[in-house]
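Engineer: Sharing a structure below in structure tokens format, with a few things to ask.
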Amino acid sequence: MSKPNITVIGGGTGTAVVLSGLKRSDVNLTAIVTVADSGGSTGRLRDQFGFLPVGDLRQSLAALARENDQSWIRELLLYRFATGDGLVGHNLGNLILTALQDMCKASTPLALEIAGKIFRLDGTILPITTKNVDLVIEYEDGTFIIGEDNLNPEHLGGKKVKKIRLSPAAEIYDKAAQKIIDADMIVVGPGDLYASILPNFAVSGIKQAIKKSKAKIVYIVNLMTRYTQTHGYTAKDHVEEIKKYMGRYPDYVLINDSKIPSSVKKNYEEEKGYPVINDLLPDSYYKVVCGSFVKIAKAKPNKADALKRSLLVHDEEKLTKILLDLLYK
């Protein structure tokens, strides 16, 4: 009997958590990742070399890299320089992927294929498109911004996003489309809704691929709202946005129902972030799966990284168990 195929669509740390858990399972695992990132180390390298941005790809690379009971490979790929002329703020994994793209004559798929062999990945990583694109965000007040890195300034906080698109328009990478069609399960999220998740569904051709697929589709709702993207959004708001861009509702929606420690909530409240309220109804177009999915991950101090506080993340072991239960259901 052949292994089942699981395709994870997203980007950033949320997708990395899902991949980290599933890679230990007996499945064929594929990560389809956004390439609309334009900030930080990724943005600097993109501007200098003109290649597809590598930040979200690198996080998936670190998550899928095979390890022998140690975390050195992952830590190496995630290492960020705190000193060094021209190196401060750069991530080593970003530099490695950029070098591979340069050696592969700007072919990101080939660079990822080679990286997969070097780091012995327990899975495959594909860009959602091979075209170099920018994220365009239009707000309900008629204003718009260009560039994923411009999505999070404080002065934009609380503004309602009307829609997003890519500029220029882009087609889905054919191998990514095939992985969607061949999937037994498609996992969407968690992650920043407008920066990491929905840009994947803004490429043309993805709705058709999903329509052809017979996969069970699972959407994992974020733990917290983000002031500059999803301020005031409930779980239902998240799901409706997913449906709007995906062209259909997911089959299952996973949402955390455990309490978040008040000390951690206070840290998020300083940035106007709050737990996502579960207003999903059991008789909806999808099945709601509630559980204690939250975990506190301590961020390691790094002078080159602006993030200083504790982070809430999804518990990879609990997510994996639920996802496999749904896969074989």
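What follows draws every value from the coordinates through simple rules; no lab data is involved. In this text the structure is predicted, and so the values were computed from the model without any measurement. Note: ideal-geometry Cβ built from the backbone for every residue, glycine included; neighbour counts use all protein chains shown.
Engineer: Roughly how many nanometres apart are two label points built 7 Å out from the Cα toward the Cβ at Asn278 and Asn132?
Structural biologist: 4.5
Engineer: Moving to a separate point now. I need the calculated FRET efficiency for the pair Lys211 and Ala169, taking r as the beta carbon distance and R₀ as 25 Å, to the nearest 0.05.
Structural biologist: After rounding to 0.05, the efficiency reads 0.80.
Engineer: What share of the DSSP beta bridges in the chain is antiparallel, in percent to the nearest 5?
Structural biologist: In the chain, DSSP labels about 35 percent of beta bridges as antiparallel.
Engineer: Suppose each label sits 7 Å from its Cα in the direction of the beta carbon; what would the Lys105-Asn28 distance come out to in nanometres?
Structural biologist: Going by the 7 Å Cα→Cβ label model, 2.9 nm.
Engineer: Hey, another quick one. Would you calculate the convex hull of the Cα atoms in the chain and tell me its volume per residue in Å³?
Structural biologist: Given the Cα convex hull of the chain, per-residue volume reads 138 Å³.
Engineer: Could you tell me the center-to-center distance, by alpha carbons, between the range 90-111 and the range 313-329 in angstrom?
Structural biologist: Spelled out, the Cα-based centre of one part sits 32 Å from the other.
Engineer: OK, next. How far, in nm, would the chain grow between Lys329 and Asp85 when pulled straight, counting 0.36 nm per residue and subtracting the alpha carbon separation?
Structural biologist: 82.4 nm
Engineer: Another question, if that's okay. Pop the C-beta distance of Glu75 and Ile146 into the FRET formula with R0 = 35 Å and round what comes out to the nearest 0.05.
Structural biologist: Rounded to the nearest 0.05, the efficiency is 0.55.
Engineer: Let me ask something else about it. Of Phe81, Phe144, how do they rank once you tally other Cβ atoms within 10 Å and put the fewest first?
Structural biologist: Final ranking by Cβ density, sparse to dense: Phe144, Phe81.
Engineer: Follow-up question, since we're still on this one. Given all pairs of different Cα atoms, what value in angstroms does the Kirkwood hydrodynamic radius of the range 1-113 take?
Structural biologist: 14.7
Engineer: Now for a different question. Just Ile277, Ile180, Ile118 to compare: in a GNM of the chain, with alpha carbon springs under 10 Å, which one fluctuates most?
Structural biologist: Most flexible of the set in this elastic network: Ile118.
Engineer: Then there's this: At 0.36 nm per residue, minus the direct Cα-Cα distance, what do Tyr249 and Ile118 gain on full extension? Give it in nm, one decimal, please.
Structural biologist: 43.4 nm
Engineer: Describe numerically, in nm with one decimal, the distance between label points set 7 Å from Cα along Cα→Cβ at Ser258 and at Ile296.
Structural biologist: In this crude spin-label approximation the distance works out to 1.2 nm.
Engineer: Which residues does the label zone of Glu67 cover in the range 255-299, counting backbone N under 15 Å from a point 7 Å along Cα→Cβ?
Structural biologist: The answer is 297-299.
Engineer: If you average the C-alpha positions of the range 1-27 and of the range 113-133 separately, how far apart do those two centres end up, in angstrom?
Structural biologist: 14
Engineer: Let me ask another. What order do you get for Lys105, Lys295 when you list them from fewest to most C-beta neighbours inside 10 Å?
Structural biologist: Least crowded to most crowded, the residues run Lys105, Lys295.
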